[in-house]
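Since the structure comes first, as structure tokens, the remarks are kept for the end.
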């Protein structure tokens, strides 16, 4: 049985999802919240298996809560629920520690898949998020290319990636260009998301928020 906390500040969305969760086999609606801070308190008290969080709420955003969960080492997995499909929101959610990202417009079958995948720690990305290379098989990255992509995925600038790997910024740029070609990506954000979805990079390897390197 998957114990779920649902937090959304929109009453219609919250009540509709709550009604669906209460009828869904294999899940238990442990708590409902209409703002980020009450959701956080419920997570601390109840330790649900999954927190289904709106990305924008009063008090604290879903991304903020995901980051708190990660920093405290709690076992609650996070599925971000949002109306925004832009890649930067997805990447910010992933860097914060979220295991999944689903749009509010998603069909119930996709939401069900997202809930069950995310609850067991499997990365889920809403199919509506535009990734040009999504259906194409990825060419294997070299070990160095994978290192570059992981560090870039942690939010590090090219200069810091170069310093950490003892290479030049020009070499970092060359590696990224090669990575884009192999993954069929248009930019760094898309390359990271494609690598996650294809299992080339693991969620735990993107463990730092931008500006938070070295945080516990």
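Any read-out appearing in this document is the output of simple, stated calculations on the displayed coordinates, not a laboratory observation. Here the structure is a predicted model, which means the values were calculated and not measured. All Cβ positions, even for glycine, are placed from backbone atoms using ideal geometry, and neighbour counts span all protein chains on display.
Of all residues in segment 1-16, which are without any contact (Cβ under 8 Å) to a residue 60 or more places away in the chain and either under 18 Å from residue 111 (Cβ atoms) or not in a helix (DSSP H, G or I) (or both)?
Matches in segment 1-16: 1, 3, 6, 7, 9, 10, 12, 14, 15, 16.
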Worksheet entry | Residue list for segment 85-111, filter: outside any loop (DSSP other than H, G, I, E, B) and surrounded by fewer than 16 Cβ atoms within 10 Å (Cβ to Cβ) | 88, 108, 109
Discussion item. Which numbered condition in (1) closer than 17 Å to residue 96 by Cα; (2) outside any loop (DSSP other than H, G, I, E, B) is the only one that residue 45 fails?
Written reply: (1)
Worksheet item: Name the pairs: first residue in segment 152-164 and more than 19 Å from residue 93 (Cα to Cα), second residue assigned to a loop (DSSP other than H, G, I, E, B), Cβ to Cβ under 7 Å, at least 6 apart or on different chains?
Response: 162/168
Discussion item. Of all residues being surrounded by 22 or more Cβ atoms within 10 Å (Cβ to Cβ) and without any contact (Cβ under 8 Å) to a residue 60 or more places away in the chain in segment 26-54, which is nearest to residue 1 (Cα to Cα)? Just the residue, please.
Written reply: 48
